[in-house]
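All remarks here apply to the structure that follows.
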Amino acid sequence: MSTGYSPRLAQSGHAPVGSEFEQLFEAVGGQVAEVAALLDVPPIEVTAVVADDFRGEVERARASSEESEDYGNTRYNTDRLGSLAVAQTTRLTRDASRCQIVFDRTRLNLLGDPLTSLKTTMFVAHEMAHPLFFRLRAASGAVEASDGPVHPVDFARAITRNAADEMRCDIVADVVLQRMASLSTPDGQSRPATIADAAFSDGLRISIGEVLDETIYPGWPDLVDKCLAQEVSLDHLWRTVIYQTAEMLNLLAYAQVPARSADIPGPLEAEYAEHPGTRLYLSSTWIRILDAAADTLIVPLDRFRDCENELVTVGEAALLNMWERVGLTFGPSHSNSFHIYVTKPAR
Ligand SMILES: [Zn+2]
């Protein structure tokens, strides 16, 4: 199959990447290229590096990007709520015709036993899928606010878009795993491996519980009350809530595709259904986004714009509603300024 997706692995740092990883990269790249062809993704030049200095390499990619101004002077942050960044894909051009993937070498010493090599395959496939959706979004003309949003409405749209991409890349990773890896069953047969086999061992769903306890509830209403008592600034409040919303939605996105693949409910519908953070804030929000995503996450170029815009519009409304329950509403924007109203949070 001829495609316009032919990723190249470049060396960064002193130690060689290792032939095992090179082979994996090539095999996964071939699979992702087939998906790219099925979705009519226009040509993309993808370079990948395995970096000793992960953060520095991502910052170099961002500095050389046409979108470098969107990143401003903020340093690339590798800390995630409940997880750690292990790879990052950057658009080098606005149309995403050139992208760079950086893998963190310290997280790649994983090939070896079957489970860890399954996980490595999953996360390499996931990351190699990101350029496809950047490219589809740009080429289809789906409305794209910058990665440096200002107004909370733009944040809500960006948060939805990013969480959707995490699910899209996991769906591709699931397909790749099923084609590339198999597991033996207790009766001595073998079956294709799925993303559920690779993802559940890493405690992702436990992390979601920790974030619910430590950050969402009573964290959010307490923070709003502190702002009302003038103990923390309004700026700190809304930035914190928006940042934590983005992180939580990404975690929920990471849990979603493995759950669907194993045909079990997601964490908010199962072990955390009764958590106040779920009941008061997250559950209805996330369900609205999932309902809108339904089976329209992976669509070809000619459908991508409409599906994406519909999803992002639903996500915007769902997140603004959620922030309202948290106690934050936002007035209209006039150039770069807007109003924030703080009221008692739902408890
Ligand atoms: Zn991702």
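Under a Gaussian network description of the chain, with springs only between Cα atoms under 10 Å, the residue in 222, 197, 104 that fluctuates furthest is 222.
For the chain, modelled as a Gaussian network with Cα springs under 10 Å, which listed residue fluctuates most, 63, 125, 163? It is 63.
Please find the FRET efficiency linking residue 269 to residue 187, where r is the Cβ-Cβ separation and R0 is fixed at 51 Å, and quote it to the nearest 0.05. Once rounded, the FRET efficiency stands at 0.95. Helices in the chain that qualify as membrane-span-like (whole DSSP H runs, Cα extent of at least 24 Å along the helix axis, mean Kyte-Doolittle hydropathy of -1.0 or higher) are 19-38, 114-140, 152-180, 234-262, 301-326.
For the chain, what does the relative contact order come out to in percent, with C-alpha contacts under 8 Å and a separation of six or more?
Numbers: 509 pairs, mean separation 59.9, N = 347.
Averaging sequence separation for qualifying contacts and normalising by length gives 17 percent for the chain.
When you restrict to C-alpha pairs under 8 Å that are six or more residues apart and normalise by the size of segment 8-140, the relative contact order lands at 31 percent. Ordering 273-281, 83-91 by mean Cβ neighbour count within 10 Å, with the highest value first, yields 83-91, 273-281. Legend: ranking of residues 169, 99 from fewest to most surrounding C-beta atoms inside 10 Å; resulting order 99, 169. Length, then width, then depth: along the principal axes, the Cα atoms of the chain run 59, 50, 41 Å.
Under a 10 Å cutoff between Cα atoms, tell me which one of 316, 57, 271 has the largest fluctuation in the Gaussian network model of the chain. Highest fluctuation among the options: 271. Could you please state, rounded to a whole Å, how far the C-alpha centre of segment 257-319 is from the C-alpha centre of segment 184-253? Here the two parts' Cα centres lie 14 Å apart.
Rule-based calculations on the coordinates, nothing more; no lab input. Predicted, not measured: the structure shown is a model, and the values here were computed from it. We place every Cβ from the backbone using ideal geometry, glycine too, and count neighbours over all the protein chains shown.
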